[in-house]
Amino acid sequence: MKHTGRYGDFGGYYVPEVLIPALEEIEKAFYHFKDDAVFKEELESLRADYLGRETPLYFAKRFSEYVGYKVYLKREDLVHGGAHKGNNTLGQGLLAKYMGKTKLIAETGAGQHGLATSMIGALFDFDTKIFMGSVDVARQSVNVHKMKLCGASVVPVSAGSGTLKDAINDALRYWCSNLSDTFYLFGTAAGPHPFPEIVRYFQTVIGIEARKQILVKENRLPDMIVACVGGGSNAIGLFSGFLEDESVKIVGVEAGGKGIDTTHHCATLTKGRVGVFHGAKGYLLQDEVGQVFESESISAGLDYPGVGPEHSYLKASGRAEYVPANDEEVLDAFEILIKTEGIIPALESSHALAYLISMRGKLDPNTVVVANLSGRGDKDVGIVEEHRPLK
Amino acid sequence: MITYKQKFDSLSSGALIPFFVIGDPDLDTSFEIVKTAIDAGADVLELGIPFSDPIADGPTIQKADIRALDSGVTPAKALEFIKRVTEYKDIPIGLLVYYNLIYQYGIEKFMLDFAAAGGNSVLIADLCIDDVDEVKAAIEAAGLETVHMVTPNTSDERLESIVEKTSGFVYTVAVLGVTGSRDEVSDLVNPLIKRLKAATKTPVCVGFGISKPQHAVDVLDAGADGVIVGSRLVKIIEENLDDKEKMIAEISTALKGFRDAIDNR
């Protein structure tokens, strides 16, 4: 490897020897093509015409009135596919194409990354295989159907808990055996180097746009930026645009699930200890001896017992603050945004909104906050209905 | 405590190295299995501590990990188990483990406790040669030998660096992939054995997909010094969970089959 992939002491590439040549190949290609004029031009063009960028930075007037300070929403829910995931899958898919790979594999939890990968698989005519926990296959049948419509095959993973981490385990195993023609399109800014760096690179467009837009609209930097954190890709996308702006407070909101004092949550940075998992050193939900926990949350997209290494670093260095929001607060936030703005947010993104609501009346009315509305919530309407049936 | 060098020097044919997950399906049965393997002619033991997310292992070993975890195996209990084994017989023991378990136990303490239990080497499946400095001092302080993996796609430059840091034996992975039984030995293995033999005098042992006695003969004929047999044996455990006598008898028969083939080649 040319680089260590470290964020402080976090990150790295803790993988079996057999994967090293594959990671080296991706690292080399990434550093080459990210500065290649043809690659950049095609990426820019597809970002605009396929994904629909740039996305608006929307002043949420009625929601702002509700919380008592100024809230701008970065509308990643309007990206083609319905979430920020497309930023990454387009970028990595293009990289795979330029590398001459013919097959894509990806893991997925709720199916959003699987769908965003399948979409790109169709766009570039890849043979696409999505690894998905068998439990998730059963509870996300609509997304499974959409992936298949895109021409992808969906591999149910029943080993272990049958959820996201098991899907990643099996995708890594499959990749070990099929390195020559297969590109592993990793879904979040976690895993071994160079994945955290690549995913950050393709998601940083969120923060770059948001910084430019807020300077136009408010003629100043925001006081605070907020995003939900599972693996952490939408958050690092937004945060990366503001890391050097010391006056900007950075808040990541984790899934508190049924409460962080229960075992039913995925508040990795709030409750985890540093360990080594899925190729990287970072905070991790684990038992006393180091066996990794199953995580749990109302939003499958945040349901991951690890977290991206840069978030571990930002927590340890104090640059960012990470707080949990529990399921009930998230459902409240989901309802309040719809009622005040007519926007259905993803339950993942509703974690960021829940934090904003927790600060209701506590901030100066002139406070300016940018929150990442990372995805739309159409996929979650059924889950919300289960928890809070309409009267 | 017998070292790898003493053991390999004493062998007239290839080394037979069975692999088991400690505590599969439970600690007592697992101990009976390991004793059986020693009595059936194992020269060295490769043992694993079960982990929740074994990414280098195929489905057979993963299921063994789950059985062992369900039976309550922890790293501390695994070390006690190793002590019981070395008290039964002075045999070299290599450990195959995932990094997080050692990291949480405390790297220095783990290596010292493992050495005190009579173990020889700790191979960390998800710690590649670039990062071995994280554990090097602890391994040296505990007086342990080193075993590292080489795979068919390892570059010459990395291979040099790996063999230079290996004192026990080179764990030679026969396939591009994870552990598991296979019908044929991969055609990638012979060229890899040749590369290793040209690069080092340290014994070269081949694992991943050594499922039949003929596979063992083939890789030993190609110049290897030993074979590691894992999934083939662990599968016998899986298939005989309700009949432990048969489980142990079949493991004994299978290992004797390997032993005879190796000795008569």
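Every number in this text was worked out from the coordinates using simple rules, so none of it is lab data. Just so it is clear, the model here is predicted, and its values are computed rather than measured. A quick note on method: Cβ atoms are made from the backbone with ideal geometry, for glycine too, and the neighbour counts reach across all protein chains shown.
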Exercise for the section: Using only Cα positions of the stretch B:212-265, each an equal point scatterer, no hydration layer, compute I(q)/I(0) via Debye at q = 0.24, 0.30 Å⁻¹ and quote the log10 values to two decimals. Expected result: -0.87, -1.13
Exercise for the section: Go ahead and collect, in residue order, the members of the stretch B:148-183 whose backbone nitrogen is under 16 Å from a label point 7 Å along the Cα-Cβ direction of A:LYS103. Expected result: B:176-178
Fill in the blank from the handout: Dividing the mean separation of Cα pairs under 8 Å (6+ apart) by the residue count of the stretch B:176-265 yields a relative contact order in percent of 29 percent
Handout entry: Cα extents of the protein assembly as shown along the three principal axes, largest first (Å)
Key = 83, 51, 46
Fill in the blank from the handout: So for R0 = 60 Å, FRET eff. of A:MET1-A:LYS391 from the Cβ-Cβ r, to 0.05, ends up at 0.55
Exercise for the section: Report the dimensions of the stretch B:9-56 along its three principal axes from the alpha-carbon atoms, largest first, rounded to Å. Expected result: 39, 26, 11
Handout entry: Taking chain B and dividing mean pair separation by its residue count, relative contact order in percent (alpha carbons under 8 Å, at least six apart)
Key = 22 percent
Practice task
For chain B, set up a Gaussian network in which alpha carbons nearer than 10 Å are linked by springs, and say which option among B:GLY143, B:GLY118, B:GLY23 fluctuates the most.
Solution key: B:GLY143
Problem - Å³ per residue enclosed by the Cα convex hull of the stretch A:128-185 - result: 70 Å³
Handout entry: Charge dipole magnitude, Cβ of K and R +1, D and E -1 - chain B, Cα centre, debye nearest 20
Key = 520 debye
Practice task
Within 10 Å of each residue's Cβ, count the other Cβ atoms and sort A:GLU254, A:GLU42, A:GLU348 from fewest upward.
Solution key: A:GLU42, A:GLU254, A:GLU348
Problem - Mean-position separation - Cα centroids, the stretch B:1-76 and the stretch A:110-142, in angstrom - result: 37 Å
Completion exercise
With Rh as the Kirkwood radius over Cα pairs, the stretch B:124-265 has Rg/Rh of 1.01
Completion exercise
Partner shielding of B:61-67, as the mean number of partner chain Cβ atoms within 10 Å, equals 2
Handout entry: Computed over the stretch B:98-165, Cα set: Rg, Dmax in Å
Key = 12.3, 36
Exercise for the section: For chain B, evaluate the Debye formula with one uniform point scatterer on each Cα (no solvent term) and list log10 I(q)/I(0) at q = 0.11, 0.15 Å⁻¹, rounded to two decimals. Expected result: -0.53, -1.07
Exercise for the section: For the stretch A:305-356, take the alpha-carbon Rg, divide it by the Kirkwood Rh, and send me Rg/Rh. Expected result: 1.09
Handout entry: Of A:LYS61/A:LYS217; B:LYS212/B:LYS256; B:LYS235/B:LYS256; A:LYS70/A:LYS271; B:LYS35/B:LYS246; A:LYS70/A:LYS315, pairs whose Cα-Cα distance is over 22 Å
Key = A:LYS70/A:LYS271; A:LYS70/A:LYS315
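Please compute the Kirkwood hydrodynamic radius over the stretch B:72-188, one decimal place, Å, based on all pairs of different Cα atoms.
Its Kirkwood hydrodynamic radius stands at 15.3 Å.
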Problem - Cα pair distances exceeding 24 angstrom across the stretch A:134-250, given as percent - result: 45 percent
Practice task
Project the alpha carbons of the stretch B:4-142 onto their principal axes and report the range along each, largest first, in whole Å.
Solution key: 36, 33, 26
Handout entry: Proportion of all alpha-carbon pairs of the stretch A:24-74 beyond 16 Å (%)
Key = 63 percent
Exercise for the section: Please work out, to two decimal places, the log10 of the ratio I(q)/I(0) at q = 0.10, 0.12, 0.14 Å⁻¹ from a Debye calculation in which every Cα of chain A carries one identical scatterer. Expected result: -0.58, -0.86, -1.22
Exercise for the section: Find which of A:PHE186, A:GLY133, A:ALA171 sits farthest along the positive direction of the dipole of the stretch A:120-201, computed with +1 on the beta-carbon of Lys and Arg, -1 on that of Asp and Glu, about the Cα centre. Expected result: A:GLY133
Exercise for the section: Rounding to the nearest 20 debye, state how big the charge dipole of the stretch A:107-230 is about its Cα centre with +1 on each Lys and Arg Cβ and -1 on each Asp and Glu Cβ. Expected result: 300 debye
Exercise for the section: As a check on your grasp of the helix formula, calculate [θ] at 222 nm for the protein assembly as shown: sum -39500 (n - 2.57) over DSSP H runs of n ≥ 4, divide by the residue count, round to the nearest 500. Expected result: -13500 deg cm²/dmol
Exercise for the section: From the P(r) of the stretch A:75-153, can you give the percent of Cα pairs sitting at distances over 18 Å? Expected result: 35 percent
Practice task
About the Cα centre of the protein assembly as shown, how large is the charge dipole given +1 on each Lys and Arg Cβ and -1 on each Asp and Glu Cβ? Please answer in debye to the nearest 20.
Solution key: 1140 debye
Fill in the blank from the handout: So, relative contact order of the stretch A:263-391 in percent, Cα under 8 Å, 6 or more apart, is 18 percent
